[in-house]
């Protein structure tokens with residue numbers, strides 16, 4: 001097969017747009033950002049919604065995954081429930097869990113409580129996480145995004161031109177990231193200068209330079225490469241940042 005799975009996924013996204021869950025995550029984050037106070041924390045002073053509105057919202061989330069959250073939140077009471085579930089749960093988990101337990105017993109006895117608890121627990125890990133940069137879309141292994149980004153930040157410290165280009169070229173050639181154009185990476189690495197970076201983006205770096213950089217990538221991120229080019233990551237639990245990127249996968253599993 002001439003095209004890789006990553007190429008096919010990129011073509012699908014270009015032709016049909018982002019996955020529905022990715023758009024949903026972006027919308028949920030916009031709800032959080034809209035309530036951020038001057039101290040940087042979201043305002044979670046959100047009244048308990050009505051049981052009827054909550055039941056409708058939960059049923060929409062679980063039974064109608066094809067509907068974008070932005071669409072269902074056009075109904076004011078549904079948006080209120082979403083804010084309560086996504087924002088209030090962060091600092092008041094017992095309150096929200098109690099509300100959900102009561103809701104499940106009274107209105108939705110057929111839905112396992114585990115499904116809603118998984119949803120809430122997943123969001124509690126990421127509710128206050130800042131919206132990811134556009135560069136995270138270029139990471140080919142979102143489940144390891146936190147280590148990949150941490151390592152790239154480590155290697156790019158003080159690098160604005162040739163050194164930055166070397167790191168990003170190696171990351172691309174290793175198969176960690178897709179697009180390393182300045183317009184993409186600057187959303188995450190704002191210190192990299194456009195002219196200086198672009199001047200060296202197609203530089204023929206020495207084997208010693210490449211091997212040293214690739215060695216650091218593999219050691220700090222924790223992966224090896226098979227002879228066929230496949231990346232094999234060392235066993236590890238996803239960190240907080242990776243959990244955020246993987247949230248859509250967690251939510252998708254609720255219906256399984």
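Structure summary
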| item | result |
| --- | --- |
| Matching residues, segment 30-52, being more than 25 Å from the chain's Cα centre (by Cα) and part of a helix (DSSP H, G or I) | 51, 52 |
| Residues that are over 16 Å from residue 102 (Cα atoms) and in contact with a helix residue (DSSP H, G or I) (Cβ under 7 Å, 6 or more places away or on another chain), drawn from segment 35-58 | 35, 42, 44, 46 |
| Restricting segment 32-41 to residues that are within 19 Å of residue 133 (Cβ to Cβ) and touching a residue at least 12 places away in the same chain (Cβ under 8 Å), the residue that is surrounded by the fewest Cβ atoms within 10 Å (Cβ to Cβ) | 33 |
| Filter result for the condition that a residue is part of a strand (DSSP E or B) and either surrounded by fewer than 12 Cβ atoms within 10 Å (Cβ to Cβ) or modelled with pLDDT of 90 or more (or both), over 195, 224, 213 | 224 |
| One residue from 77, 88 being under 22 Å from the mean Cα position of the chain (by Cα), surrounded by 12 or more Cβ atoms within 10 Å (Cβ to Cβ), assigned to a helix (DSSP H, G or I) and touching a residue at least 24 places away in the same chain (Cβ under 8 Å) | 88 |
| Counted residues, segment 176-186 - those being assigned to a loop (DSSP other than H, G, I, E, B) and surrounded by 15 or more Cβ atoms within 10 Å (Cβ to Cβ) | 4 |
| Of all residues making up segment 174-192, the number that are more than 13 Å from residue 136 (Cα to Cα) and in contact (Cβ under 8 Å) with a residue 24 or more places away in the chain | 4 |
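The values are calculated or read from the model by the stated rules, or taken from the named source; none is laboratory data. Predicted, not measured: the structure shown is a model, and the values here were computed from it. Counting neighbours? That spans all protein chains shown, and the Cβs are built from the backbone with ideal geometry, glycine included.
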